[in-house]
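**Student:** My questions all concern the structure below.
The values are calculated or read from the model by the stated rules, or taken from the named source; none is laboratory data. Predicted, not measured: the structure shown is a model, and the values here were computed from it. So basically every Cβ, Gly included, is an ideal-geometry build from the backbone, and we count neighbours across all protein chains shown.
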């Protein structure tokens with residue numbers, strides 16, 4: 001099976017004055033369709049730089065990056081933007097929702113930039129279906145300030161899914177959430193992954209990485225370890241445990 005992501009000796013060097021900083025060093029890896037991968041590591045380990053490269057937000061200094069069989073390593077800015085919009089979905093720590101726009105309209109936004117023509121009714125129906133996937137159909141007309149943090153992140157996940165991306169990229173998606181809400185969001189990601197969606201996540205929290213299927217730990221720009229998750233946590237089971245605890 002051809003990997004959905006193939007990295008071959010990828011490097012990223014930043015030039016700051018007279019100093020060259022190698023943020024990513026000779027990283028090679030494959031990620032196949034349907035995987036759920038967490039990139040971990042301390043600050044400065046290279047995980048965020050690698051995530052930017054995977055998301056076509058930056059280009060590598062050396063090496064090859066094949067996304068769904070397309071070599072995106074040397075694409076120009078416009079071509080990269082097209083690939084990002086058609087093949088990748090992004091979920092961020094800070095949600096990045098438009099405050100004066102309803103949940104439904106926030107989800108519709110990527111379709112407006114997709115280069116395809118949709119009628120108003122088609123936009124609405126597609127956004128409603130996607131909100132239903134994350135369990136927020138009943139909150140479609142609410143604005144972000146009328147939603148909890150977890151609900152806002154669900155809207156952000158729906159927005160990332162609206163274009164049916166090949167890969168969903170999540171950068172610290174539970175970083176602004178409490179423990180219970182974090183488990184709820186990881187449950188959403190697990191259900192999406194069970195449906196065949198490839199998910200790549202950056203997190204510095206081992207307890208969050210334990211909900212994924214594969215943990216890649218980075219250090220000094222290199223992959224230090226790459227292991228399947230043993231004793232994997234399941235979001236729905238963890239929620240059941242919380243609900244079973246006696247209330248104080």
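**Student:** Does at least one position in region 110-120 carry a residue that is under 18 Å from residue 191 (Cβ atoms) and surrounded by 16 or more Cβ atoms within 10 Å (Cβ to Cβ)?
**Tutor:** Checked against the condition, which is being under 18 Å from residue 191 (Cβ atoms) and surrounded by 16 or more Cβ atoms within 10 Å (Cβ to Cβ), region 110-120 yields no hits at all.
**Student:** Looking at (1) touching a helix residue (DSSP H, G or I) at 6+ places or on another chain (Cβ under 8 Å); (2) assigned to a strand (DSSP E or B); (3) farther than 17 Å from residue 73 by Cβ, which is the one condition that is false for residue 34?
**Tutor:** Going through the list (1) touching a helix residue (DSSP H, G or I) at 6+ places or on another chain (Cβ under 8 Å); (2) assigned to a strand (DSSP E or B); (3) farther than 17 Å from residue 73 by Cβ, residue 34 breaks only (2).
**Student:** Please give the number of the condition residue 241 fails out of (1) over 25 Å from residue 87 (Cα atoms); (2) without any contact (Cβ under 8 Å) to a residue 60 or more places away in the chain; (3) surrounded by 16 or more Cβ atoms within 10 Å (Cβ to Cβ).
**Tutor:** (3)
Yes or no, residue by residue, for (1) at pLDDT below 95; (2) within 28 Å of residue 25 (Cβ to Cβ); (3) part of a strand (DSSP E or B):
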position	(1), (2), (3)
164	yes, no, no
169	no, yes, yes
191	no, no, no
199	no, yes, yes
216	no, yes, yes
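**Student:** If you take the residues in region 74-96 that are assigned to a loop (DSSP other than H, G, I, E, B), in contact (Cβ under 8 Å) with a residue 60 or more places away in the chain and buried (at least 17 other Cβ atoms within 10 Å of the Cβ), which one is farthest from the chain's Cα centre (by Cα)?
**Tutor:** In the first step, residues of region 74-96 are kept if they are assigned to a loop (DSSP other than H, G, I, E, B); the result is 74-76, 93-96.
From the residues that got through so far, the ones that are in contact (Cβ under 8 Å) with a residue 60 or more places away in the chain too are 93-96.
Subsequent filtering for residues that are buried (at least 17 other Cβ atoms within 10 Å of the Cβ) retains 93, 95.
Numbers: 93: 10, 95: 12 Å.
Residue satisfying both the conditions and the ranking: 95.
**Student:** While we're here: Could you please find all residues in region 187-232 being surrounded by fewer than 18 Cβ atoms within 10 Å (Cβ to Cβ), more than 12 Å from residue 35 (Cβ to Cβ) and over 18 Å from the mean Cα position of the chain (by Cα)?
**Tutor:** Passing the criteria: 219, 220, 222, 224, 225, 227, 230, 231, 232.
**Student:** State yes or no: is residue 125 farther than 30 Å from residue 245 by Cβ, touching a helix residue (DSSP H, G or I) at 6+ places or on another chain (Cβ under 7 Å) and surrounded by fewer than 20 Cβ atoms within 10 Å (Cβ to Cβ)?
**Tutor:** The answer is no for residue 125.
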